[in-house]
Amino acid sequence: MARRDLSGAVDFGVLERMTGGDDGVGEEILGLFAQQAALWSPMLDVREDGWRDAVHTIRGAAAGIGAGALADACAAAEAEDKAGAPPLLDRVRDALDAALADVAAWRHELMLRSLKR
């Protein structure tokens, strides 16, 4: 993975503004995002009691790194009732996969930058 693999699912300008361009802090935040995703994504199912909490947590984490489409998908699912949520949770999972792919590519880019210093 490399910068050329970015899909646009994450606007890394948001992250860079938040971190002041500090790659080490950016890497730490993206690592935490990936951990949050791994922790909460299994709960993105209405059969799980905490599905709405999972969507809410992912929504906040997504907004913090610039994953706008993911944050929007989470907001829509969070606002829906249990009966209408399944297709919206599918969208959340798809947006999460796209964001995680961008995060992996960006983290790879950060690792390459650190080797050049």
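The values are calculated or read from the model by the stated rules, or taken from the named source; none is laboratory data. Computed from a prediction, not measured in an experiment: that's the story for all the values here. Heads up, the Cβs are rebuilt from the backbone with ideal geometry, glycines too, and the neighbour counts pull from every protein chain shown.
Observations
- For region 82-100, the criterion of being under 21 Å from THR19 (Cβ atoms), in a helix (DSSP H, G or I) and either in contact (Cβ under 8 Å) with a residue 24 or more places away in the chain or in contact with a strand residue (DSSP E or B) (Cβ under 6 Å, 6 or more places away or on another chain) (or both) is satisfied by at least one residue.
- Evaluating ALA37 against the criteria (1) farther than 13 Å from ALA99 by Cβ; (2) crowded, with 17+ Cβ neighbours inside 10 Å; (3) of a type outside the set (Ser, Thr, Tyr) leaves one unmet condition, (1).
- Subset of region 7-32 [on the phi < 0 side of the Ramachandran plot, without any contact (Cβ under 8 Å) to a residue 24 or more places away in the chain and assigned to a loop (DSSP other than H, G, I, E, B)]: ASP22
- Subset tally (residues that are without any contact (Cβ under 8 Å) to a residue 12 or more places away in the chain and closer than 25 Å to GLU109 by Cβ) for region 33-71: 5
- When GLU109, GLU78 are checked against the criterion of being in contact (Cβ under 8 Å) with a residue 24 or more places away in the chain, assigned to a helix (DSSP H, G or I) and more than 16 Å from ILE29 (Cβ to Cβ), a single residue qualifies: GLU78.
- Candidate set: region 54-71, residues that are of a type in the set (A, V, I, L, M, F, W, C) and under 9 Å from the mean Cα position of the chain (by Cα); chosen: the one nearest to SER7 (Cα to Cα): ALA67
- Which listed residue is buried (at least 17 other Cβ atoms within 10 Å of the Cβ), of a type outside the set (A, V, I, L, M, F, W, C) and either under 13 Å from the mean Cα position of the chain (by Cα) or more than 14 Å from LEU96 (Cα to Cα) (or both), from GLU48, GLU16, GLU27: GLU27
- Any hit, region 43-65, residues being at pLDDT below 95 and among the aromatic types (Phe, Trp, Tyr): no
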